[in-house]
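The values are calculated or read from the model by the stated rules, or taken from the named source; none is laboratory data. Please read these numbers as outputs of a predicted model, since none were measured by experiment. We place every Cβ from the backbone using ideal geometry, glycine too, and count neighbours over all the protein chains shown.
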Amino acid sequence: MPPRTLYDKILDAHTVRRLDGDGQILLYVDRTVLNEYTSPQAFAGLRQAGRRVWDPSAALMVVDHVNPTAPRRTREIADAKAARQVGFFAENARDFGIELFDVLDARQGIEHVVMPEQGRVLPGMVIAAGDSHTTAYGALGALGFGIGTSDIEHYLATQTLVYRRLKTMRVTIDGAIGPGVTGKDLVMEVIRRVGADGATGYAVEFAGSAVAALGIEGRFTLCTMIVEAGARGAVIAPDDKALAYIAGRPRAPVGRDWETARRAWRELRGDDGAVFDREVALAAEAVAPMVTWGTSPDQAIAIDGRVPSPDDEPDSGRRRAILRSLEYMGLVPGMAATDIAISHAFIGSCTNSRIEDLRDAARILRGRRVAAGVRALVVPGSSQVRAKAEAEGLDRIFLAAGFEWRQSGCSMCLAMNDDILADGDRCASSTNRNFEGRQGAGARTHLMSPAMVAAAAVAGHLADPRQSASEA
């Protein structure tokens with residue numbers, strides 16, 4: 001047998017049988033997580049067909065998209081549509097026997113933060129869910145990917161999916177990571193280089209010394225955000241850091257089962273000589289703190305860079321895209337990134353709301369104040385992240401700096417609850433997408449790391465976190 005990639009090994013181990021057609025297989029899927037926004041139609045389909053869920057224990061239901069994140073949490077949701085969604089979600093959990101983390105559960109949070117936090121993501125698993133950022137689980141050596149509503153229904157009824165094998169891409173990041181540079185900056189540079197469609201149709205494997213040097217939470221950021229280059233899967237071979245992260249989690253194996261699993265997981269990697277359909281290499285030392293200037297995640301520059309000019313773009317399609325982005329964002333070519341003033345600062349989302357993200361931001365904010373005229377919010381990725389941050393005193397740092405310390409949820413990442421920007425607002429955001437209207441109709445979003453959001457909040461404009469750290 002020729003050498004195989006890690007993606008191929010995981011896929012082969014979960015193939016029930018090959019199907020007729022263009023490379024399609026029937027794929028066994030270990031687990032899923034369901035949210036109140038993308039699951040209702042799937043449950044309605046099950047009810048209509050009179051079907052039960054094949055294995056309720058393989059699913060978890062988490063309220064995260066539409067719930068308010070006000071500092072004082074209650075069960076009340078003022079928005080009638082959102083309240084109906086959450087109510088139907090609870091009804092489905094009860095009727096189909098699936099565990100639910102509702103808004104008052106101490107384990108509630110953003111689904112892609114909660115799943116690993118609870119030990120429900122283990123190396124070698126296949127996990128599919130109704131959210132594109134399910135790729136996050138690749139940080140622990142699991143293959144995760146997003147699926148549509150009909151696929152959710154099929155999975156719940158059968159524990160399988162009809163799946164077409166992807167092409168493979170290896171992104172190798174070697175070298176020393178510079179000061180102020182995070183996993184967010186590394187993946188933003190990858191997306192800038194390959195383009196917003198550069199990984200379309202690919203499963204991406206991250207490798208290299210810089211990836212190994214990242215903590216698990218930085219790896220979550222890599223695997224979550226590579227979706228913005230079009231990837232449909234991401235994976236990193238599990239190492240001792242990954243196993244240490246999993247050990248002791250509520251749903252992780254224990255005792256003899258843990259030792260057996262640990263030995264197997266340490267061998268879970270691609271073969272030497274495995275051939276990928278595409279190779280991308282990046283030198284970590286060449287990456288600076290990054291920020292988007294436009295309305296696509298690949299429209300990014302270093303924080304010490306300048307807004308590009310359409311006149312410098314030879315491709316007519318890209319030139320039109322630059323012109324449209326400049327108009328929507330209200331920017332002019334040649335403008336320094338650090339001259340862009342903001343009205344809002346947001347730290348949160350499945351991409352950057354874990355404890356390390358909050359620690360990074362708090363280091364910048366200690367002893368400082370948010371600039372006049374800037375509204376700043378921090379939304380922890382889960383109730384457990386929030387509790388841990390409070391135990392470390394991070395909440396006091398954020399509050400003293402003038403940030404709002406809120407409850408967990410998707411929040412301003414996609415503006416499905418009360419956390420919405422107004423037309424013309426400009427936000428320094430640790431989220432994953434800067435599309436037109438993503439955070440509110442007419443709102444302008446600049447993507448960056450949590451540390452850079454903190455630096456921008458203090459400065460009142462986009463700012464270099466390396467300078468802010470040196471001044472601390």
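Going by the conditions given, is ALA302 outside the structural domain of ASN434 (by TED's automatic domain parsing), over 20 Å from GLY437 (Cα atoms), among the small types (Gly, Ala, Ser) and surrounded by 15 or more Cβ atoms within 10 Å (Cβ to Cβ)?
So ALA302 does not fit the description; no.
Out of THR168, THR182, I need the residue that is in contact (Cβ under 8 Å) with a residue 24 or more places away in the chain, farther than 17 Å from LEU140 by Cβ, buried (at least 24 other Cβ atoms within 10 Å of the Cβ) and hydroxyl-bearing (Ser, Thr, Tyr). Which one?
THR182
What's the total number of residues in the stretch 295-316 that are among the small types (Gly, Ala, Ser) and more than 27 Å from ALA203 (Cβ to Cβ)?
Looking only at that region, the number is 4.
Looking only at the stretch 422-472, how many residues end up being at pLDDT below 95 and within 13 Å of ASP360 (Cα to Cα)?
Looking only at that region, the number is 4.
I need the full set of residues from the stretch 22-45 which are more than 13 Å from ALA93 (Cβ to Cβ) and surrounded by fewer than 20 Cβ atoms within 10 Å (Cβ to Cβ), in order please.
The answer is ASP22, GLY23, GLN24, LEU26, TYR28, ASP30, TYR37, THR38, GLN41, ALA44, GLY45.
Taking SER296 as the residue in question, decide whether it is polar (S, T, N, Q) and part of a loop (DSSP other than H, G, I, E, B).
yes
Of all residues in the stretch 329-349, which are part of a loop (DSSP other than H, G, I, E, B) and either closer than 18 Å to MET452 by Cβ or among the aliphatic types (A, V, I, L, M) (or both)?
LEU331, VAL332, MET335, ILE340, ILE342, SER343, GLY348, SER349
Show the residue pairs meeting these rules: Cβ distance below 9 Å; 6+ apart or different chains; first residue within the stretch 303-328 and assigned to a loop (DSSP other than H, G, I, E, B); second residue of a type in the set (Lys, Arg).
These pairs meet every condition: ILE303/ARG466; GLU313/ARG319.
Restricting to the stretch 93-125, count the residues that are farther than 13 Å from HIS65 by Cα, among the charged types (D, E, K, R) and crowded, with 18+ Cβ neighbours inside 10 Å.
Number of matching residues: 2.
Looking at (1) surrounded by fewer than 24 Cβ atoms within 10 Å (Cβ to Cβ); (2) on the phi > 0 side of the Ramachandran plot, which is the only condition ARG433 fails?
Of everything listed in (1) surrounded by fewer than 24 Cβ atoms within 10 Å (Cβ to Cβ); (2) on the phi > 0 side of the Ramachandran plot, ARG433 misses just condition (2).
Quick check on the stretch 365-380: of everything there that is within 19 Å of ARG72 (Cβ to Cβ) and of a type outside the set (Val, Ile, Thr), which residue is farthest from the chain's Cα centre (by Cα)?
By that ranking, first place goes to ARG375.
Write out, first by first residue and then by second, each pair whose Cβ atoms fall under 6 Å of each other, whose residues are 6+ apart or on separate chains, and whose first residue, in the stretch 1-21, is under 11 Å from VAL275 (Cα atoms) and surrounded by fewer than 12 Cβ atoms within 10 Å (Cβ to Cβ) while the second is at pLDDT 95 or above and among the hydrophobic types (A, V, I, L, M, F, W, C).
Going by the 6 Å Cβ cut-off, the qualifying pairs are PRO3/ALA274.
Of everything in the stretch 239-288, what is of a type in the set (Asp, Glu) and surrounded by fewer than 16 Cβ atoms within 10 Å (Cβ to Cβ)? Give them in sequence order.
Matches in the stretch 239-288: ASP240, ASP257, GLU259, GLU267, ASP271, ASP272, ASP277, GLU279, GLU285.
Out of MET225, MET188, report the one residue that is closer than 24 Å to VAL33 by Cα and in contact with a Pro (Cβ under 8 Å, 6 or more places away or on another chain).
From the options MET225, MET188, the qualifying one is MET225.
Applying the selection to the stretch 264-284, what residues are outside any strand (DSSP E or B) and β-branched (Val, Ile, Thr)?
Scanning the stretch 264-284 gives a single hit, VAL275.
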